[in-house]
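S.K.: Quick one: the structure is below, questions incoming.
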Amino acid sequence: MLQRIQSLYLLFAVILMAMMLGMPLGRFLEGDNEYIFRAFGIYSETSEVGGAVVPLPYLGYLLVITALVPLVTIFFYKNRLLQIRLCFMEFVLLAGSQIFVIFYLVRANTIDDGTVSYSLLDIVPLIALVFVWLAYKGIVRDEALVRSLDRIR
């Protein structure tokens, strides 16, 4: 299972997306108020309110799914065709999550008299996309090797 290099690539993608779930994706300053952009919402750091100022449940759920799909894909190591389909699905999910993050950061950048500070975590879906693509290539290579060995028999 973890002996294959593509399983390690998928594990790296899981770790990157889990980091994105737990750490701030950006900070917004509007006057004296400071807001933190996280996976499930935008939270105020200066107020005593515990909840999100702007809840973003769809982005959070999307990031949870993008963290779980590669983890599930690792355990389907005997069914390479399903792994290929799951990797393709992960491509779409990672592209969607990157679009969501960029959308919210650009939208927050239009705040009057406010500044936005970005985080390196904003490009994590692109890095995870590279790891999933490398895993996809490894799975396709394994499938081609198995099919070539079946022809010999």
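S.K.: Which one is nearest to the chain's Cα centre (by Cα), of the residues in the range 91-116 that are open to solvent by 90 Å² or more (accessible area, probe 1.4 Å) and at pLDDT below 75?
M.R.: Among residues in the range 91-116 that are open to solvent by 90 Å² or more (accessible area, probe 1.4 Å) and at pLDDT below 75, the one nearest to the chain's Cα centre (by Cα) is THR110.
S.K.: Now for a different question. Of all the residues that make up the range 115-134, how many are closer than 17 Å to ILE42 by Cα and part of a helix (DSSP H, G or I)?
M.R.: 2
S.K.: Which count do you get for residues in the range 50-90 that are β-branched (Val, Ile, Thr) and either in contact with an Asp or Glu (Cβ under 8 Å, 6 or more places away or on another chain) or crowded, with 20+ Cβ neighbours inside 10 Å (or both)?
M.R.: Residues meeting the conditions: 5.
S.K.: Hey, could you check the range 34-72 for residues that are at pLDDT 80 or above and small (Gly, Ala, Ser) and say which is farthest from LEU134 (Cα to Cα)?
M.R.: SER44
S.K.: Please determine, by comparing only the residues of the range 1-27 that are within 20 Å of LEU105 (Cα to Cα) and not hydrophobic (A, V, I, L, M, F, W, C), which one is surrounded by the most Cβ atoms within 10 Å (Cβ to Cβ).
M.R.: The selected residue is GLY26.
S.K.: Would you point out which residue out of VAL140, VAL124 is open to solvent by 30 Å² or more (accessible area, probe 1.4 Å) and either modelled with pLDDT of 80 or more or not polar (S, T, N, Q) (or both)?
M.R.: Being open to solvent by 30 Å² or more (accessible area, probe 1.4 Å) and either modelled with pLDDT of 80 or more or not polar (S, T, N, Q) (or both) holds for just one of VAL140, VAL124, which is VAL140.
S.K.: Within the set of pairs 6+ apart or on separate chains, which have a first residue in the range 97-108 that is more than 13 Å from THR66 (Cα to Cα), a second that is small (Gly, Ala, Ser) and crowded, with 18+ Cβ neighbours inside 10 Å, and C-beta atoms under 8 Å apart?
M.R.: LEU105/GLY26; ALA108/GLY26
The values are calculated or read from the model by the stated rules, or taken from the named source; none is laboratory data. Computed from a prediction, not measured in an experiment: that's the story for all the values here. Neighbour counts are summed over all protein chains in view; Cβ atoms, including those assigned to glycine, are modelled from backbone coordinates with ideal geometry. These area figures cover heavy atoms from the full protein model, side chains too; ligands, DNA and RNA do not enter into them. Shrake-Rupley method; radii C 1.70, N 1.55, O 1.52, S 1.80 Å.
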